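Report on one structure; see the data block that follows.
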């Protein structure tokens, strides 16, 4: 049961619940998430999963767009090293995440907001535990205030030509039926359009 806190002016506030965008590898970790669901393993509903063919396919701009669009953290999951269906692409994902975390630290954003997890298709319980751990870590960090960190309004990004483009925040995006294919009707994000 969620606890409520009382602010200084006496009103009741709901506790902070982070929004996590999860980019999952089609071959291993997406299937692990599916296994967790069919096995009825419980994990927080704060994660919106987006399936990629491979974790190595994740463009760093997807992570930045997720954070700018209202996400408080990004979880990237892929096959264990040496088990990638596309040979060594998960090593590419590891290098990219390491660079992203260093770049975010330069912006004043906690690098713990971006996490890389390896999970095979048979590790549904492990993936559920990693999701729970990520949600707890980001909850402890508090909300990401993108506009204060970057001097750029949340939900606004600039395209390659420098033109301002608005993003739909994950919390307000329309919800197509069965958006992520996991059978639970999980809310879709504007990022799915980018990855399609």
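For the pair the range 118-141 / the range 30-107, the C-alpha centres are spaced 11 Å from each other.
Take the Cβ-Cβ distance between residue 88 and residue 17 as r, set R0 to 45 Å, and report the resulting FRET efficiency rounded to the nearest 0.05. Here the calculated transfer efficiency is 0.75. Of 59, 34, 14, 72, the sequence from fewest to most neighbouring Cβ atoms within 10 angstrom is 14, 59, 34, 72. Distance between the pseudo-spin-label points of residue 38 and residue 59 (7 Å out from Cα toward the beta carbon): 3.3 nm. Can you work out the PRE-style zone for residue 112? Point 7 Å along Cα to Cβ, and I want the residues of the range 24-60 with backbone N under 19 Å. Residues 44, 46-47 qualify, since their backbone N sits under 19 Å from the label point. Ordered by the count of other Cβ atoms within 10 Å of each Cβ, fewest first, 110, 88, 130 give 88, 110, 130.
Just so you know, all these numbers are worked out from the coordinates, no wet-lab data involved. Just so we're clear, the structure is a prediction, and the values are computed from it rather than from any experiment. Backbone-built Cβ (ideal geometry, glycine too); neighbour counts: all protein chains shown.
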